[in-house]
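Q: Pasting a structure below so you can have a look.
Every read-out reported here was derived from the displayed coordinates using simple, explicitly stated rules and does not represent laboratory data. Note that the coordinates shown come from a computational prediction; the quantities given were computed from them, not determined experimentally. A quick note on method: Cβ atoms are made from the backbone with ideal geometry, for glycine too, and the neighbour counts reach across all protein chains shown.
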Amino acid sequence: MSNQTDASSKEIYDSVLGYVEHNTGGPQPPLIHEAPVVASVLWSYPDEHPSRVRSAIAAATSRGDLVRVTDDSGDHERTYLGIDDPDDLERKIREYHNRSERTTRNGALCLNIANRRVDDLRGEDDE
């Protein structure tokens, strides 16, 4: 990612995917809040409008590269992004379990959402 003007849609799209891939899993939850993704990609492309990053997120979700989930169970609505592949998502869930000494409330919520998404992608049903 380099600072430049007039970034192509593909560059922004690839930056969004790369940011989500790099900042999920390991000691981090398998999903990430959407807001820091938008802010970080805009940091790389300061002349771009946030709507272009949000359009890239929408394209990535419609293509099945990302999953976008909004949780409204708490006081504030939060939107999470994650890689929308069952194998990658399971790997990130395992990494988080293996590398995290303790799980935060947000981490537990992300694990719950990610596990449900893996089940959905694999066609598994709890009932």
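Q: With charges set only on the Cβ (+1 for Lys and Arg, -1 for Asp and Glu), what does the dipole of the range 9-122 come to about its Cα centre, in debye to the nearest 20? Write down the numbers at each step before the final one.
A: Numbers: 15 positive and 20 negative charges, 41 e Å.
With Lys and Arg at +1 and Asp and Glu at -1, about 200 debye.
Q: Sticking with this one: At 222 nm, what value in deg cm²/dmol follows for the chain if DSSP H runs of at least 4 each add -39500 (n - 2.57) and the sum is divided by all its residues, to the nearest 500? All intermediate terms of the calculation are to be shown ahead of the outcome.
A: Details: 5 runs with 70 residues, N = 127.
Computed ellipticity for the chain at 222 nm equals -18000 deg cm²/dmol.
Q: Taking the 0 to 90 degree range and rounding to the nearest ten, how far is the long axis of helix 34-44 tilted relative to the main principal axis of the chain, both from C-alpha atoms?
A: 30
Q: Tell me the net charge near Thr103. Cut-off is 15 Å between Cβ atoms, Thr103 excluded, with +1 for each Lys or Arg and -1 for each Asp or Glu.
A: Surrounding charge for Thr103 is +3.
Q: Among 118-124, 101-107, 23-29, what's the highest-first ranking by average C-beta atoms within 10 angstrom per residue? Present the calculation step by step, with values, prior to reporting the outcome.
A: On the way: 118-124: 12.9, 101-107: 10.7, 23-29: 18.9.
The densest-packed peptide leads the list: 23-29, 118-124, 101-107.
Q: A follow-up question, please. With a point put 7 Å past each Cα toward its Cβ, work out how far Thr103 is from Thr70 in nm, to one decimal.
A: 2.6
Q: May I pose another question? Run the numbers on the chain and let me know its relative contact order in percent, using alpha-carbon pairs under 8 Å that are six or more apart.
A: Working: 169 pairs, mean separation 38.5, N = 127.
Relative contact order for the chain comes out at 30 percent.
Q: Estimate the FRET efficiency between Arg94 and Arg63 by the formula 1/(1 + (r/R0)^6), using the beta-carbon distance for r and 30 Å for R0, to the nearest 0.05. Working shown, then result.
A: Numbers: r = 25 Å, r/R0 = 0.84.
Efficiency for this residue pair is about 0.75.
Q: I'd like the orientation of helix 50-62 relative to the chain: the angle between its Cα long axis and the longest Cα principal axis, in ° from 0 to 90, rounded to 10.
A: Taking the Cα atoms of the chain, the angle to 50-62 is about 50 degrees.
Q: Still on this model: Any chance you could give the angle, 0 to 90 degrees and rounded to 10, that helix 105-122 forms with the longest Cα principal axis of the chain?
A: Once rounded, one gets 90 degrees.
Q: With all pairs of different alpha carbon atoms counted, what Kirkwood hydrodynamic radius in Å does the chain show?
A: Working: mean 1/r = 0.0663 Å⁻¹.
Evaluated over the chain, this radius sits at 15.1 Å.
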